[in-house]
Amino acid sequence: MTKRPFAAFDIDGTIFRWQLYHELFDAFVEEGLVAPAAAKSVLEAREAWRERRADYESYEMTLVRAMTASIVGVEVDRFNNIADSILKAKGHHIYRYTLDLLKDLKSKGYAIVAISGSYQQLVDRFASLHDIDIAVGREHVIENGRLTEQSSEIFGRKDEVLRDIASRYDLEWSGSYAIGDSGGDIKMLEIVDNPIAFNPDERLKAKALEEGWTIVIERKSIAYTLKRGTDGTYVLA
């Protein structure tokens, strides 16, 4: 049997126009699942980032700390209901370029893989909504119907996760793609034939320029593809 080539996508900020993880925080706040002091610190950090008084990483780490504490002990059924509500309301808030690329590669026989630092319950639902074949997110151990603090880790390990997926599903590396938007996606992009930096942050942009990777910028409904020419400069493709 011929192996299927694959395309690996980050979700948050790459297909989805915002962050599933951050949507979950907002839903948890509405449900009263985040301690008021923790919620206040996250919202203040978010506003500081939006006003360019702090960097995104500082805001995100504040959010991660709050969610790590808040999710422990939450009933699985309640968590699943929240995940359903998020995807029902916002699951189609997507970037056009990446979803079109996903559909095009799938029509050519590619296996579509999604690797995300967001929770598995959100990732599974997003994958089902957009016809993604294989989806891996952060997964918490469940005991007595509740989420525990024990969980798998995705951040900083996307290359390992992708290698494991390719091996487990017997996928073909030749012609492979990976698409991401942040420095956390670099390791995943480094190991494929066709890396694409999509709306990259500063760290990913610097790496993409250094390596000569394709860069795509989407604004409103228009995507601009930049590729390195023979003279080493980037040109619109």
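Read the figures in this text as sums done on the coordinates, not as results from a lab. Everything quoted here is computed from the prediction, not taken from an experiment. Glycine also receives a Cβ, built like all others from the backbone with ideal geometry; neighbour counts cover every protein chain displayed.
Just a few scattered comments:
- For segment 21-44, residues that are among the charged types (D, E, K, R) and either crowded, with 18+ Cβ neighbours inside 10 Å or touching a residue at least 24 places away in the same chain (Cβ under 8 Å) (or both) total 2.
- Restricting segment 91-105 to residues that are touching a residue at least 60 places away in the same chain (Cβ under 8 Å) and in a helix (DSSP H, G or I) leaves a set whose member that is surrounded by the most Cβ atoms within 10 Å (Cβ to Cβ) is T98.
- Hits in segment 45-83 (condition: charged (D, E, K, R), assigned to a helix (DSSP H, G or I) and either surrounded by 13 or more Cβ atoms within 10 Å (Cβ to Cβ) or touching a Ser or Thr at 6+ places or on another chain (Cβ under 8 Å) (or both)): R46, E57, E60, R65, R78
- The selection criterion, being over 22 Å from R138 (Cα atoms), acidic (D, E) and within 19 Å of the chain's Cα centre (by Cα), does not hold for D12.
- With respect to (1) closer than 14 Å to F6 by Cβ; (2) of a type outside the set (G, A, S); (3) loosely packed, with under 15 Cβ neighbours inside 10 Å, the lone exception for R203 is condition (1).
- Test: G175 is surrounded by fewer than 15 Cβ atoms within 10 Å (Cβ to Cβ), touching a strand residue (DSSP E or B) at 6+ places or on another chain (Cβ under 8 Å) and at positive phi: yes
- Breaking point among (1) more than 29 Å from T225 (Cβ to Cβ); (2) in contact with a Leu (Cβ under 9 Å, 6 or more places away or on another chain), for S85: (2)
- Filtering G145, G180 for residues that are over 18 Å from T225 (Cα atoms) and out of contact with any His (no Cβ under 8 Å at 6 or more places or on another chain) leaves a single hit, G145.
- Residues of segment 145-154 include at least one that is touching a helix residue (DSSP H, G or I) at 6+ places or on another chain (Cβ under 7 Å), buried (at least 17 other Cβ atoms within 10 Å of the Cβ) and either of a type in the set (S, T, N, Q) or part of a loop (DSSP other than H, G, I, E, B) (or both).
- R157 being surrounded by 14 or more Cβ atoms within 10 Å (Cβ to Cβ), within 30 Å of H140 (Cβ to Cβ), of a type outside the set (A, V, I, L, M, F, W, C) and touching a helix residue (DSSP H, G or I) at 6+ places or on another chain (Cβ under 7 Å): no
- Matching option when the condition is more than 23 Å from V161 (Cα to Cα), touching a strand residue (DSSP E or B) at 6+ places or on another chain (Cβ under 6 Å) and among the aliphatic types (A, V, I, L, M), among V34, V72, V42, V29: V72
- Complete set of residues in segment 204-236 that are farther than 22 Å from D193 by Cβ and in contact with a helix residue (DSSP H, G or I) (Cβ under 8 Å, 6 or more places away or on another chain): E218, S221
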